[in-house]
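Here's the structure we're looking at; comments come further down.
The values are calculated or read from the model by the stated rules, or taken from the named source; none is laboratory data. Treat the numbers as computed from the prediction; the structure is a model and nothing was measured. All Cβ positions, glycine included, derive from the backbone under ideal geometry; neighbour counts span all protein chains shown.
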Amino acid sequence: MRARTVLLVFVLGAIAVFAALNWSAFMTPTSLSLGFATVQGPLGLIMLGLTALVTVLFLAFVVYLQTSVLIDARRHARELKAQRELADEAETSRFTELRGFVEEGLQRLEGQCEESRTGVLARLDQLERELRSAVEQAGNTLAAYIGELEDRIAGGTGGRSPSAST
């Protein structure tokens, strides 16, 4: 129990014990003024009744406060749940949007890679053709130089072949 509850029970118990011990004094009739009239009655019993009435009113007020707090807490919990669901939906839509963006970027990169690959392969084919052409031209040039050298050698030895002179 909380300290306030213990204190309240203690005070009510003390009042009950005090009333029980002094019951004869509580029941002694006294002349009481109501402002517009005077009546005879037990002052202690009236004060005890007023204390009981104030206690009942206080308890009713506490029950009202707790009920209103409970209702507010439930309403806030519902609102919080709704806001959490909205946040989850927004996060899901952001993830979906991000996934679409990433997939689009990957497709774009894949297309660029394919274009680059195609371009590189075309360039390699062109370079291969040019290299073959250059090698063929070099081969032809070398064959021409060798033929010219053979002709010079053959012309300088008097028409003999270079292998016959040895």
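Data overview
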| quantity | calculated |
| --- | --- |
| Of residues in the stretch 1-14 being assigned to a helix (DSSP H, G or I), at pLDDT below 85 and not polar (S, T, N, Q), the one nearest to Gly44 (Cα to Cα) | Leu12 |
| Out of Leu80, Leu48, Leu59, Leu86, sole residue that is modelled with pLDDT of 95 or more and assigned to a helix (DSSP H, G or I) | Leu80 |
| Evaluation of Val69 against (1) assigned to a helix (DSSP H, G or I); (2) of a type outside the set (Asp, Glu); (3) touching a Ser or Thr at 6+ places or on another chain (Cβ under 7 Å) (one fails), failing number | (3) |
| Residues of the stretch 18-55 that turn out to be surrounded by fewer than 10 Cβ atoms within 10 Å (Cβ to Cβ) and at negative phi, as a count | 9 |
| Close pairs (9 angstrom Cβ cut-off, 6 or more residues apart or separate chains): assigned to a helix (DSSP H, G or I) in the stretch 130-158, of a type in the set (D, E, K, R) anywhere | Ala154/Arg160 |
| Looking only at the stretch 50-108, and only at residues there that are within 24 Å of the chain's Cα centre (by Cα) and among the β-branched types (Val, Ile, Thr), the one that is nearest to Leu8 (Cα to Cα) | Thr92 |
